[in-house]
1. Among the residues of the range 7-41, write down those that are assigned to a loop (DSSP other than H, G, I, E, B), among the hydroxyl-bearing types (Ser, Thr, Tyr) and closer than 15 Å to ILE51 by Cα.
2. Out of all the residues in the range 22-66, which are among the aliphatic types (A, V, I, L, M) and either modelled with pLDDT under 85 or more than 12 Å from the chain's Cα centre (by Cα) (or both)?
3. Go through the range 8-57 and give me each residue that's of a type in the set (Gly, Ala, Ser) and open to solvent by 60 Å² or more (accessible area, probe 1.4 Å).
4. Of all residues in the range 1-20, count the ones that are in contact with a Gly (Cβ under 6 Å, 6 or more places away or on another chain) and among the aliphatic types (A, V, I, L, M).
Amino acid sequence: MAFGNGADGFTSNSNLVVIAINNIAFNNAGSQLTFTTYSNITPDFTIDGFISYQKDDLTGMITHPS
């Protein structure tokens, strides 16, 4: 589960063989899911059972300092 992150919820960090199964992304500041790679590489991502939810207003979101 990824929630309330200041950036993307789930990201591949340019890894071309990420497997993401049964993940939940909620109210992340960036994208809920960002899987990318370089243009000259063929990705082999597996994504299954992904749930994504973004509330319209993030002003009431609880945050915890690092």
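1. Matches in the range 7-41: SER31 only.
2. Answer for the range 22-66, where residues must be among the aliphatic types (A, V, I, L, M) and either modelled with pLDDT under 85 or more than 12 Å from the chain's Cα centre (by Cα) (or both): ILE41, LEU58, MET61, ILE62.
3. Within the range 8-57, ALA29, SER39, SER52 meet the criteria.
4. 2
The values are calculated or read from the model by the stated rules, or taken from the named source; none is laboratory data. Just so we're clear, the structure is a prediction, and the values are computed from it rather than from any experiment. No Cβ is skipped: glycine too gets one built from the backbone with ideal geometry, and neighbour counts run over all protein chains shown. The protein model used for the area step is the full one, side chains on, heavy atoms only, and it has no ligands, DNA or RNA in it. Shrake-Rupley method; radii C 1.70, N 1.55, O 1.52, S 1.80 Å.
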